[in-house]
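The values are calculated or read from the model by the stated rules, or taken from the named source; none is laboratory data. From a predicted model like this one, the values you see are computed outputs, not experimental measurements. For neighbour counting, all protein chains shown are included, and Cβ atoms are generated from backbone atoms with ideal geometry for every residue, glycine included. Areas reflect the complete protein model, heavy atoms only, side chains present, ligands, DNA and RNA absent. Shrake-Rupley method; radii C 1.70, N 1.55, O 1.52, S 1.80 Å.
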Amino acid sequence: MIDNLYVSGFGEQDRFRRIKTAIGEVLSDIDFPMAYEIERFGSRRTPPGQPRLDITIMKWGDNGMHELEARFSASLKRDYDRNRLGVFYARDPLPAGSYSRMIRVHDKVMKNAVIKMVYELNSRLPVAGLEELQLDEDLADDLPESE
């Protein structure tokens, strides 16, 4: 993870842990079928031949329009090959209230943006578990509504 966020005085001390938790929760919710580690950029080199998902956080806070926004870019890398997944974002109204409420909404918008990224990752990197997730959603659309 590459953190390019401006330090605004809000939650910068535990920002990496919270982003790591949001990504981990989404991958856990979908039973991601591959082993993964979430680390800060440059903390260690990826072994040769192993894929790496780079996430560059560009925005995570007030976007100036009374909304909280999470925005990041993502790309898959393996050795010298790169597959750009795109830019992902989510927004929610800026909450009024306590610090804990602000933290919850920050975490919610990050998690929603990560969910969008996982769907794109599924289309670029077909993995058995992710394909089953998509298949289950397609089947749910075909089921008749209960009376």
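Residues in the range 49-64 that are in a loop (DSSP other than H, G, I, E, B) and closer than 14 Å to Arg78 by Cα: Gly49, Gln50.
Applying a threshold of 8 Å to beta carbon distances and a minimum spacing of six or more residues, or different chains, the list of pairs starting in the range 46-58 at a residue that is closer than 27 Å to Arg15 by Cα and ending at one that is modelled with pLDDT of 85 or more and aromatic (Phe, Trp, Tyr) reads Ile55/Phe72; Thr56/Phe72; Ile57/Phe72; Met58/Phe72. Looking at Phe72, Phe10 in this structure, which one is at pLDDT below 80, under 14 Å from Met110 (Cβ atoms) and surrounded by 12 or more Cβ atoms within 10 Å (Cβ to Cβ)? Of Phe72, Phe10, the one residue that is at pLDDT below 80, under 14 Å from Met110 (Cβ atoms) and surrounded by 12 or more Cβ atoms within 10 Å (Cβ to Cβ) is Phe10. The requirement of being more than 25 Å from Asp29 (Cα to Cα), surrounded by 14 or more Cβ atoms within 10 Å (Cβ to Cβ) and more than 15 Å from the chain's Cα centre (by Cα) is fulfilled somewhere in the range 86-94, by at least one residue. In the range 99-115, the residues that are modelled with pLDDT of 85 or more and part of a helix (DSSP H, G or I) reach residues that are open to solvent by 10 Å² or more (accessible area, probe 1.4 Å) and of a type in the set (S, T, N, Q) with C-beta atoms within less than 8 angstrom, at least six apart or across chains, in these pairs: Asp107/Thr21.
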